[in-house]
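**Student:** Handing you a structure now.
The values are calculated or read from the model by the stated rules, or taken from the named source; none is laboratory data. Treat the numbers as computed from the prediction; the structure is a model and nothing was measured. Every residue, glycine among them, receives a Cβ derived from its backbone with ideal geometry; neighbour counts consider all protein chains shown. Note: accessible area is taken over every heavy atom of the protein model, side chains too, but ligands, DNA and RNA are not part of it. Shrake-Rupley method; radii C 1.70, N 1.55, O 1.52, S 1.80 Å.
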Amino acid sequence: MEEKYMLRAIELALKGTGSVNPNPLVGAVIVKNGEIISEGYHRKYGSLHAERDALSRAEKDVTGADMYVTLEPCCHHGKQPPCTEAIINSGIKRVFVGSSDPNPLVAGKGIEILRQNGIEVVENVLKDKCDEINKVFFHYITTKTPYVVMKYAMTMDGKIACENGESKWITGEKSRENVQYLRHSLTGIMVGIGTVLKDNPRLNCRIEGGRNPVRIICDSHLKIPLESNIVSTAKEIKTIVACCYENKEKETALKEKGVNIIHTPEKNGKVDIKFLMESLGEMAVDSVLLEGGSELNYAVLSEGVVNKVMVYMSPKILGGNGKTPVGGKGVLTPDEGFKFKRTSIKFIDDDILLEYEKEV
């Protein structure tokens, strides 16, 4: 029964996807006499945490009840007061916890406070499943840099475009819809200036009720056109342009149109990726979807900041000398290749989605 209630808490937690960043996804279920008497989840950044949300919605007395929560209850004052305080005052007698919280402000302290106040705590209930939903948060809270997801679509022969540059559409409609949910769930989306000049994208989220990601453009020399879709919508969707060469006139014009500028050191003639990631972390950008071209993909891989790779593969073969997903100078031997471990294979109509995570 413990697993049943924790699975429900996970289901609830996921409802906060796209709304709580940079906070974690958390769900809570209150059970008394074998019956769920209340549920809650962290709905939006700054709103009630899952435990307080569940307690506030309880229509029956929770005294002596059990609480199932996907993440260790917080014990510090942030946007909200400590959840441990609310649990203790409620009369809950036992708390089942999925994941431990790596946040140094919590990290075991929440569980200890509950126990000190006579509440039984059962740890690590469906821990792997609870950990899975908060990989972004765990990475961000411990490194202060974004969790980076590299995404690309390619054919069976490893091409992302035809030799003439034509790339619409490599994958099917369902795969493209899936990417929109990725844009909704991750805080930022990053491309290189080459993609902007070639495709003039909007990089917005095109699902009903979706959240637009913060748009990040790596543009060493500030080549981005003032009339581009990105710049013309910068007052509606937060937009950051990262550069490493000064162009005060262009910079002033971009700022007037609502664009934020990040100056990074120059590295091999390009934006310093690690510096950029640290800067984004300071701006509470906890995650980045990388939809760049092959050159930016290689640069980011070379800096070792990619945490996950998502490969959408279509049942097509293009042939010729079309571009591949990763360019750059490449490595000299297969053993030097960037190594990842496969975590899942999913079928999306005729396409295949391969997911990999960085080997640690």
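**Student:** Every residue in segment 247-277 that is in a loop (DSSP other than H, G, I, E, B) and either of a type in the set (Asp, Glu) or open to solvent by less than 90 Å² (accessible area, probe 1.4 Å) (or both), please.
**Tutor:** Scanning segment 247-277 gives ASN247, LYS257, GLY258, VAL259, THR264, PRO265, GLY269, ASP272.
**Student:** Quick check on segment 12-23. Is at least one of its residues touching a Gly at 6+ places or on another chain (Cβ under 7 Å), at pLDDT 95 or above and farther than 21 Å from TYR147 by Cβ?
**Tutor:** yes
**Student:** For residues that are without any contact (Cβ under 8 Å) to a residue 12 or more places away in the chain and open to solvent by less than 60 Å² (accessible area, probe 1.4 Å), tally how many sit in segment 334-360.
**Tutor:** Number satisfying all stated conditions: 2.
**Student:** Which one of these is out of contact with any Lys or Arg (no Cβ under 6 Å at 6 or more places or on another chain), within 27 Å of THR142 (Cβ to Cβ) and open to solvent by less than 10 Å² (accessible area, probe 1.4 Å): HIS76, HIS42?
**Tutor:** Matching residue, one of HIS76, HIS42: HIS42.
**Student:** Looking only at segment 12-38, count how many residues are crowded, with 21+ Cβ neighbours inside 10 Å and touching a strand residue (DSSP E or B) at 6+ places or on another chain (Cβ under 8 Å).
**Tutor:** 12
**Student:** May I ask you to list the residues in segment 193-204 that are of a type outside the set (Ser, Thr, Tyr) and surrounded by fewer than 22 Cβ atoms within 10 Å (Cβ to Cβ)?
**Tutor:** Taking segment 193-204 as the starting set, the residues that turn out to be of a type outside the set (Ser, Thr, Tyr) are 193-194, 196-204.
The answer is GLY194, LEU197, LYS198, ASP199, ASN200, PRO201, ARG202, ASN204.
**Student:** Sticking with this one: Could you list, in sequence order, all residues of segment 69-87 that are over 15 Å from GLU112 (Cβ atoms) and among the β-branched types (Val, Ile, Thr)?
**Tutor:** Filtering segment 69-87 down to residues over 15 Å from GLU112 (Cβ atoms) leaves 69-71, 77-81, 86.
Matches in segment 69-87: VAL69, THR70.
**Student:** Right, next: I need the full set of residues from segment 113-131 which are surrounded by 14 or more Cβ atoms within 10 Å (Cβ to Cβ) and acidic (Asp, Glu), in order please.
**Tutor:** Correct list: GLU123, ASP131.
**Student:** Exactly one of (1) open to solvent by less than 20 Å² (accessible area, probe 1.4 Å); (2) modelled with pLDDT of 95 or more; (3) under 18 Å from HIS49 (Cβ atoms); (4) of a type in the set (A, V, I, L, M, F, W, C) is unmet by MET190. Its number?
**Tutor:** For MET190, the failing item is (3).
**Student:** For ILE88, indicate whether it is modelled with pLDDT of 90 or more, surrounded by 14 or more Cβ atoms within 10 Å (Cβ to Cβ), on the phi < 0 side of the Ramachandran plot and not in a loop (DSSP other than H, G, I, E, B).
**Tutor:** yes
**Student:** Residues of segment 1-11 being over 17 Å from ASN134 (Cα atoms) and either among the aliphatic types (A, V, I, L, M) or crowded, with 16+ Cβ neighbours inside 10 Å (or both), which ones?
**Tutor:** MET1, TYR5
**Student:** Within segment 341-357, how many residues turn out to be more than 14 Å from MET313 (Cα to Cα) and over 17 Å from the mean Cα position of the chain (by Cα)? Before you say what the answer is, go through the steps one by one.
**Tutor:** Start the filter on segment 341-357 by keeping residues that are more than 14 Å from MET313 (Cα to Cα), which leaves 341-343, 357.
Then keep just the ones that are over 17 Å from the mean Cα position of the chain (by Cα); that gives 341-342.
The qualifying residues number 2.
**Student:** From the list ILE240, ILE170, ILE189, pick out the single residue that is among the hydrophobic types (A, V, I, L, M, F, W, C), assigned to a loop (DSSP other than H, G, I, E, B) and touching a residue at least 40 places away in the same chain (Cβ under 8 Å).
**Tutor:** Selected residue: ILE170, the only one of ILE240, ILE170, ILE189 that is among the hydrophobic types (A, V, I, L, M, F, W, C), assigned to a loop (DSSP other than H, G, I, E, B) and touching a residue at least 40 places away in the same chain (Cβ under 8 Å).
**Student:** If you don't mind, another one. Would you confirm whether any residue within segment 57-73 is surrounded by fewer than 20 Cβ atoms within 10 Å (Cβ to Cβ), touching a residue at least 24 places away in the same chain (Cβ under 8 Å) and of a type in the set (A, V, I, L, M)?
**Tutor:** Yes, there is a match, as at least one residue in segment 57-73 is surrounded by fewer than 20 Cβ atoms within 10 Å (Cβ to Cβ), touching a residue at least 24 places away in the same chain (Cβ under 8 Å) and of a type in the set (A, V, I, L, M).
**Student:** Further, regarding this structure: Can you name every residue in segment 209-237 that is over 23 Å from the mean Cα position of the chain (by Cα), touching a residue at least 24 places away in the same chain (Cβ under 8 Å) and open to solvent by 10 Å² or more (accessible area, probe 1.4 Å)?
**Tutor:** SER220, HIS221, LYS223, PRO225, LEU226, ASN229, SER232
**Student:** Out of segment 336-360, which residues are aromatic (Phe, Trp, Tyr) and either in a loop (DSSP other than H, G, I, E, B) or over 13 Å from LEU301 (Cα atoms) (or both)?
**Tutor:** Within segment 336-360, the first condition is being aromatic (Phe, Trp, Tyr), and the residues that meet it are 338, 340, 347, 356.
Once the filter is applied, which keeps residues that are aromatic (Phe, Trp, Tyr) and either in a loop (DSSP other than H, G, I, E, B) or over 13 Å from LEU301 (Cα atoms) (or both), segment 336-360 yields PHE338, PHE347, TYR356.
**Student:** Does TYR181 satisfy the criteria of being on the phi < 0 side of the Ramachandran plot and assigned to a helix (DSSP H, G or I)?
**Tutor:** When the stated conditions are applied, TYR181 passes them.
**Student:** State yes or no: is ASP101 part of a helix (DSSP H, G or I), touching a helix residue (DSSP H, G or I) at 6+ places or on another chain (Cβ under 8 Å) and of a type outside the set (Val, Ile, Thr)?
**Tutor:** Criteria not met by ASP101.
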